[in-house]
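Student: This is the structure I have questions about; it appears just below.
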Amino acid sequence: MDSQKEALQRIISTLANKNDEIQNFIDTLNQTLHGVQENSANILSELDEEFDSLYSVLDEVKEGMINSIKQEQSRKSHELQNQLGQCSNALENSEELLEFATRSLGIKEPEEFSKAARQIKDRVTMASAFRLCLKPKVSDNMSHLMVDFSQERQMLQALKFLPVPKAPEIEPAECLVADNAVTVVWRMPEEDSKIDHYTLEHRKTNFDGLPRVKDERCWEQIDNIKGTEYTLSGLKFDSKYMNFRVRACNKAVAGEYSDPVTLETKALNFVLDNSSSHLNLRVEDSCVEWDPTGGKGQENKVKGKENRGSGTPSPKRTSIGSRPPAVRGSRDRFTGESYTVLGDTAIESGQHYWEVKAQKDCKSYSVGVAYKTLGKFDQLGKTNTSWCIHVNNWLQNTFAAKHNNKVKALDVTVPERIGVFCDFDGGQLSFYDANSKQLLYSFKTKFTQPVLPGFMVWCGGLSLSTGMQVPSAVRTLQKSENGMTGSTGSLTNVTQ
């Protein structure tokens, strides 16, 4: 009995699911039917508008041609009327002269006859009848204004619906990812003169290969692209990859999207490790600022975050390379005069780049890297586990590279933004003017442990830019400058 009830329950459940499926399909059919009717009405309305527009153009062309014919008719009529008037006047004068000459033949007095003959001769010489061109100035031919619409008629008879454009094909080998910009290049499988523009869509992802349907960010769209390539610049590469797809559009319709292409956009991303920063520093994800109040409010804020929810601390970011667990979460805060904060992501391999900008009134700050074993009382550059460049605007202005308590003064202007290049495998740490890409200083060493981005600030603040690729100019300079710049061995002892 129970087994039969269970079987019947399964049947009922199956039927109910099937009924829901059929009902959903009926709803879909009704919606599709409504869409067909609505879209057909819209298309018919647009067709009427297009033909009305075509009729309007034809009417304008006809009106222009009629005006041209009337103007030509008026010009020729005016010329012929003028010529006709001149001829009528000449004929009238000539007939009057002829009549006078005829009467002069009957004069008997020789002297009078001679006088009349001389008058007739003078008048004949000046008569306009002998200066007239007895040929019409214009012809009555109007054939130069005739039209032949046979070709246009064939074109109108050949009017048909616009074809849907084919899907473009993105050329991965032609696409370029460099300097936090992506240039996407595509082509049409066959030439289509009706294409008006293209629409490009892109989104970030951490998955290689074809885009996943679920758990992905929404596509972002760039419309009205006239060419067959487009460059997205000023991107932050905070994901490993980006998906791209493109479709062609003519005046009436858009075609299908191209097969999506996935391009690698890997870059170093990190935020500042608030949990172990000095209490005199106010830390946000990518900003740090000197806090003379001692950071009490911030300490309470951190404690409040730790006690919120289930009581389990939020997971730390991982390191670059083998990605072990968080590297900073368990250490003590920096204290004493070590006004330091480190990044939350360790570098274990590869080449990486980030930029730092100081506030204009910042009195002292350092930018560099350090091993995670840096002591809580240690200052950047004063140990053999940290490397940095230091800017001092307090009492005297100095700019120097520091490592292992040694310093080398830098005879260059402090830039507005400092670019940091870390080649872990090559054992190189270089600093650049982020705007001009001028090399400021380069350390040569062999990193024996993972390194963390490090920052010291006093009386001021710093802001970071991460998710950046190594700029092409920096890669080029590294090749040419490698082995030619200062090294840790050239630093001299400094009394602190």
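The values are calculated or read from the model by the stated rules, or taken from the named source; none is laboratory data. From a predicted model like this one, the values you see are computed outputs, not experimental measurements. Glycine gets a Cβ as well: all are built from the backbone with ideal geometry, and neighbour counts include every protein chain shown. Only protein heavy atoms, including side chains, enter the accessible area calculation; ligands, DNA and RNA are left aside. Shrake-Rupley method; radii C 1.70, N 1.55, O 1.52, S 1.80 Å.
Student: Compute the helix-to-body angle for 296-307: its Cα long axis versus the longest principal axis of the chain, expressed 0 to 90° and rounded to tens.
Tutor: So the helix axis and the longest Cα principal axis differ by about 80 degrees.
Student: Ordered by residue, what ³J(HN,Hα) values in Hz, to whole numbers, does the stretch 62-69 give under the Karplus form 6.51 cos²θ - 1.76 cosθ + 1.60, where θ = phi - 60° and Gly and Pro are x?
Tutor: Along the stretch 62-69, the couplings run 4, 4, x, 5, 4, 4, 5, 5 Hz.
Student: Using alpha-carbon pairs under 8 Å, 6+ residues apart, how would you state the relative contact order of the chain in percent?
Tutor: Reported as a whole number, the value is 11 percent.
Student: Taking all protein chains as present, what is the carbon and sulfur share of the accessible area of the chain, in % to the nearest whole number, probe 1.4 Å?
Tutor: Values: 15820 of 31000 Å².
Here carbon and sulfur together make up 51 percent of the probe-accessible area.
Student: Mind checking Rg over Rh on the stretch 52-202, alpha carbons, Kirkwood formula for Rh?
Tutor: Numbers: Rg = 37.8 Å, Rh = 24.6 Å.
Result for the stretch 52-202 is an Rg/Rh of 1.54.
Student: Here's a follow-up. Round to the nearest 10 and give me the degree value, 0 to 90, for the angle of helix 472-481's Cα axis relative to the longest principal axis of the chain.
Tutor: So the inclination is approximately 60 degrees.
Student: Would you tally the net charge around SER472, using a Cβ to Cβ cut-off of less than 12 Å, leaving SER472 out, and scoring K and R as +1, D and E as -1?
Tutor: Spelling it out: positives minus negatives among the neighbours equals +2.
Student: If R0 is 22 Å, what FRET efficiency do you get for ASN67 and GLU152 from their C-beta distance, rounded to 0.05? Provide the component values of the computation, followed by the final result.
Tutor: Details: r = 19 Å, r/R0 = 0.88.
Plugging the Cβ-Cβ distance into 1/(1 + (r/R0)^6) gives 0.70.
Student: Let me ask something additional. Note down the net charge around SER143, summing +1 for each Lys or Arg and -1 for each Asp or Glu among other residues with Cβ under 15 Å from its Cβ.
Tutor: Numbers: positive: LYS76; negative: GLU72, ASP140, ASP148.
Result for the neighbourhood of SER143: -2.
Student: If R0 is 51 Å, what FRET efficiency do you get for LYS194 and ILE22 from their C-beta distance, rounded to 0.05?
Tutor: Details: r = 42 Å, r/R0 = 0.81.
For R0 = 51 Å, the calculated efficiency reads 0.75.
Student: Can you list the equivalent-ellipsoid semi-axes of the chain, largest first and in whole Å, using the square root of 5 times each Cα gyration tensor eigenvalue?
Tutor: Values: eigenvalues 1577, 390, 77 Å².
Those come to 89, 44, 20 Å.
Student: Please state, rounded to one decimal and in Å, the Kirkwood hydrodynamic radius that the stretch 394-440 gives when every pair of distinct Cα atoms enters the mean of 1/r. Numbers along the way, then the final one.
Tutor: Values: mean 1/r = 0.0833 Å⁻¹.
About 12.0 Å for the stretch 394-440.
Student: For the ranges 366-372, 159-165, what's the packing order if you count other beta-carbon atoms within 10 Å of each residue, average per peptide, and put the highest first?
Tutor: Ranking the peptides 366-372, 159-165 by packing returns 366-372, 159-165.
Student: Rounded to the nearest Å, what's the spacing between the alpha carbon centres of the stretch 256-294 and the stretch 1-76? Just the number, please.
Tutor: Each part's Cα centre sits 49 Å from the other's.
Student: Given axes a ≥ b ≥ c from the Cα gyration tensor, I'd like to know whether the stretch 151-281 is rounded (a/c under 1.5), prolate (a/b larger than b/c) or oblate. The partial results should precede the final answer.
Tutor: Details: a/c = 3.19, a/b = 3.07, b/c = 1.04.
Here the stretch 151-281 falls in the prolate category.
Student: Taking only protein heavy atoms and a 1.4 Å probe, what accessible area per residue, in Å², does the stretch 1-148 have with all protein chains in place?
Tutor: 86
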